[in-house]
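Q: Pasting a structure here, questions to come.
The values are calculated or read from the model by the stated rules, or taken from the named source; none is laboratory data. These figures come from a predicted structure and were not determined experimentally. Quick reminder, even Gly has a Cβ in these numbers, built from the backbone with ideal geometry, and neighbours come from all protein chains shown. Just so you know, the surface numbers come from the protein's heavy atoms only, side chains and all, with ligands and any DNA or RNA stripped out. Shrake-Rupley method; radii C 1.70, N 1.55, O 1.52, S 1.80 Å.
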Amino acid sequence: MTAKEKDKKKKRKAPAEEHAKEDERPAKKPQTELVKVQHVSGADNAQPVVAHSPGISLPDDLRFEAYSKKSSGQSTLLLHSSSHPTIDHIATESKTTSVTDRHTKHYIAIFDPVNKKLSVVPAKKMTVRSIVRQPPPDESADTSDAEAERPPPTSSSRAALTEAFGTKKSRKAVASMAENRLLARGGDDDPLSTAILSSIKEEDVPLQSSSSSATGDRSNKPLPPADVTTDEITDVYPLSVLVHPGPARATLSQMRIQPWLDRVSAKKEINSRFRYVAHRVKALAHLHVSQQNEHTLLPLQLLRYVTVLLELYVYVSRLPPRRTIPQPEKWPESTISDATHLSSALLSKLVHAFFPTALPTTHSRTLLITTILALTLHIPPPKWTPGADVNVLITEPTDIGLDLALQPAEVTKYYRELGCRMETLTDNELAKYGWEKVGRGKKGTDEDVPAGKKPRFAKLRFPVEFPKISRGRPTSRR
């Protein structure tokens, strides 16, 4: 091989070797993100927080150590406590999951007794979680023998698969097995079980009673929550669960009833587009003008609130099922009759309470219907004594059924789901509650009752009984 051929061969190899070296180099430099954790101490670095612990009861002598984590230019706060003998408590900043909570801020008022000044400072919302501390391994034991005697984790793997892909019956069976294993540890003698049970709130423990089983069947139904443990019939469906947004008294105070009182004082008729309101507002307004107390004011405010719900129901029922409910500012002017005196923020919260997804689904519209029907139980009959104790709530459902465009069978079904009994009244009861003309089929508080036919009234009284879930027609045995 001559010298010229050797030079050409070297020139051909040089570019290939350079490409090989370039391939060995990494395309990009690895980017590492530095996370700095700093222990926060001292009065100058103190920050007020609002911490809540869902499902657990924190000890009164619990003390937290504060840590600040800086990552990507942002600083987050972390609280840790290991003062409990068997449980570690960790508090992290709560993440906003609701659209309405994005603009919600928490504040704490701090009073300085030396300077006698009250200052309001912003506070971070934090969530406390509990982790059972694992006991340290026994160093004296032989690790090889322990690992050999340890059974394979087949039960936990099967439980995880059952939880992810199993049926409801199989998941319930796995939960029962886990409960049996916990009870088999020895009850109060086991420190791990004691630590877990001591952190559970007393009100979170399910009670095995007939009331819990009765309300458990209603959890997935579009019904307002009922309190079957109360001794007052008016608290079975309290206003706190029927009037939105809360608090109920603040919302009801915004219901404008003065135009009704002015027309009654001027001896003029009160007109309403709804039969239920038109047939009851006159008597209630007359009674409030004559007595002027809180007992006569509340039914008028509730009647005005029912009017708003009925107007909302009429508007939503006309929307397509898959169309998002627009903001109240974009509603037609005749949607809410008193829209000029009700803020758009209140109407937005009211819509969100019944339609959290902003879609007029059947479930949400049914919840609105049952809430309206539950509110009618709080509207007193034509004859009643303000402030007197009552042991039964009663209403005549014909008017409200016509306003909601429901069939009588549908109205009866909804009232029964609320725990009411559909019964006719005796002549003494009709005279007592002021429904004599309705009972005789004449023109009274309800003009659409056929003559000679007594209407059926919805009664809510103790004991409150809900319809039982049908198990289907029993199959015949061969």
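Q: Could you give the nm distance between label points at Leu261 and Ser337, where each point is 7 Å from its Cα heading toward the beta carbon?
A: Label at Leu261, label at Ser337, 1.8 nm between them.
Q: Compute the distance from the alpha-carbon center of segment 252-322 to that of segment 373-404, in whole Å.
A: The distance from the Cα centre of segment 252-322 to that of segment 373-404 comes to 14 Å.
Q: Using 0.36 nm times the number of residues separating Ala175 and Val289, minus their current alpha carbon distance, what extension gain do you get?
A: Taking 0.36 nm per residue and subtracting the Cα distance, the gain is 35.0 nm.
Q: While we're looking at this one, here's another question. On a 1.4 Å probe surface of the protein chains, which of Val120, Val49, Val128 comes out largest in accessible area, and what is the full order?
A: The residues order as Val120, Val49, Val128, largest area first.
Q: Report the label-to-label distance for Asp227 and Phe462 in nanometres (one decimal), using points 7 Å from each Cα along the Cα→Cβ vector.
A: For the pair Asp227/Phe462, the computed spacing is 1.4 nm.
Q: If you take the beta carbon distance between Ala278 and His363 as r and set R0 to 22 Å, what does 1/(1 + (r/R0)^6) give as a FRET efficiency, to the nearest 0.05?
A: E between Ala278 and His363, to the nearest 0.05, is 0.15.
Q: Starting with the highest mean, order 394-401, 248-255, 455-462, 232-239 by the number of other Cβ atoms within 10 Å, averaged over the residues of each peptide.
A: Per-residue mean Cβ counts within 10 Å order the peptides as 394-401, 455-462, 232-239, 248-255.
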